Amino acid sequence: MKHNDFYDVIFKRKSVRKYDLTPVDEKTIEDISTYMNTVKPMYENIKIEMKIVTQESVKSLLPIKAPYYILVSSENKEGYLTNAGFMIQQVDLFLSANGIGSCWVGMAQPKKGIVNESELEYVIALAFGNPAETLHRKDISQFKRKSIEEIRDTNGKDQLIELARLAPSATNSQPWFFSIDNYKINVYCVKSNFIKAIMYKKMNQIDMGIAICHLWVAARHFEKDLKYTFDKEEEEKSPSGYYYITSLIINE
Ligand SMILES: Cc1cc2nc3c(=O)[nH]c(=O)nc-3n(C[C@H](O)[C@H](O)[C@H](O)COP(=O)(O)O)c2cc1C
């Protein structure tokens, strides 16, 4: 199975919402589990768990009926939602690169007793299975996304930012903004109003991890090294209406 460079798949991946409900063969499930154990964290110090379950283990009111779900639970620590987004997006891209459909499902809830919530907090699910609709987009015009000018200040890092632009997000809200400073990309997330914040704050932070994952895939593709730092000065320079997430240092 393909698992090295997901650069190309970012230009064609899409959410798959219709599935063939017959089981995926065992070897494929095994390969997915093996890959899940190798995904890179954004923050090494946060404990996270991913568990593959079948449809019976999630509450049934979901609009997306898939044969499998990856249930994600994490230690609740600073940055845990962004870290979860970063890690699970690697799985989303792995599935898409290998002919398997997937879709993030913020609305999915595991049935009682399926995940052990004593230590870790349930975060989100990723539905997957053999697709019963087209797996990939034909070309970039089929993405509904903001223009690149709307999501960054200057064009110095467009080769990387373009991949973040194509990232999936809850309700396609695309909450990101990037300010480019020479060798650094400062990452910001839109502030929601009070009502929206109740619904979206958690999802937005997962979305930010997904976009950072796409930047990381792009940096690796162009053989650049990428490090995350918290830069107090950049936090203070947050654009109005946005809050600071992290700064990515790119070594050419
Ligand atoms: C954190 C997150 C939660 C999501 N939750 C749902 C969901 O509950 N139901 C659904 O149909 N799609 C869900 N989506 C999929 C988005 O609607 C989708 O990614 C977005 O519309 C962009 O479309 P694309 O993934 O096909 O490019 C979710 C996506 C993310 C990133």
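The values are calculated or read from the model by the stated rules, or taken from the named source; none is laboratory data. Not measured: the values here are computed from a predicted model. All Cβ positions, glycine included, derive from the backbone under ideal geometry; neighbour counts span all protein chains shown. What goes into the accessible areas is simple: the full protein's heavy atoms, side chains included, and nothing from ligands, DNA or RNA. Shrake-Rupley method; radii C 1.70, N 1.55, O 1.52, S 1.80 Å.
Counting heavy atoms of the protein chains alone, residue 199 has an accessible area of about 120 Å² for a 1.4 Å probe. Phi-derived couplings, Karplus 6.51 cos²θ - 1.76 cosθ + 1.60 at θ = phi - 60°, listed residue by residue for the stretch 115-120: 10, 7, 8, 5, 10, 10 Hz, with x used for Gly and Pro. Expressed as a fraction of 2.2 N^0.38 Å, the value expected for a compact globular protein of N residues, the C-alpha radius of gyration of the stretch 144-251 is 1.01.
Note on the chain: along the principal axes its Cα atoms extend 50, 39, 31 Å, ordered by decreasing extent.
What net charge is computed for the residues neighbouring residue 177, neighbours being all others with C-beta under 9 Å from the C-beta of residue 177, Lys and Arg scored +1, Asp and Glu -1? The answer is -1. Only aspartates and glutamates eight or more places from residue 144 in sequence, or on another chain, were considered; those with a Cα closer than 16 Å are 162, 207.
Close amide H pairs (under 5 Å, H built 1.01 Å from N) link residue 102 with 16, residues at least 5 positions away or on another chain. Scan the stretch 83-158 for GluC sites (Glu not before Pro) in coil per DSSP, keeping those whose Cβ has at most 13 other Cβ atoms within 10 Å, and list them by number. Passing both the DSSP loop test and the Cβ count: 117, 119, 133.
Heavy-atom accessible area for residue 71, with the other protein chains in place and a 1.4 Å probe, reaches approximately 0 Å². Solvent-accessible surface of protein heavy atoms, probed at 1.4 angstrom with all chains present, puts 6, 11, 177 in the order 11, 177, 6, largest first. To the nearest ten degrees, helix 26-36 and the longest principal axis of the Cα atoms of the chain are 30 degrees apart. The count of lysine pairs in the stretch 7-129 that are at least 8 places apart or cross chains, and whose C-alpha atoms lie under 18 Å apart, stands at 14. Solvent exposure of the chain, expressed per residue, is 49 Å² of accessible area, with all protein chains present and a 1.4 angstrom probe.
Nonpolar atom fraction for the chain, defined as the carbon and sulfur part of the 1.4 Å probe accessible area, stands at 50 percent. Here's how it looks for residue 121: its modeled amide H is under 5 Å from those of 74, 75, 76, which are all 5 or more places away or on a different chain. Centre-to-centre, using Cα atoms only, the stretch 112-174 and the stretch 1-73 are separated by 14 Å.
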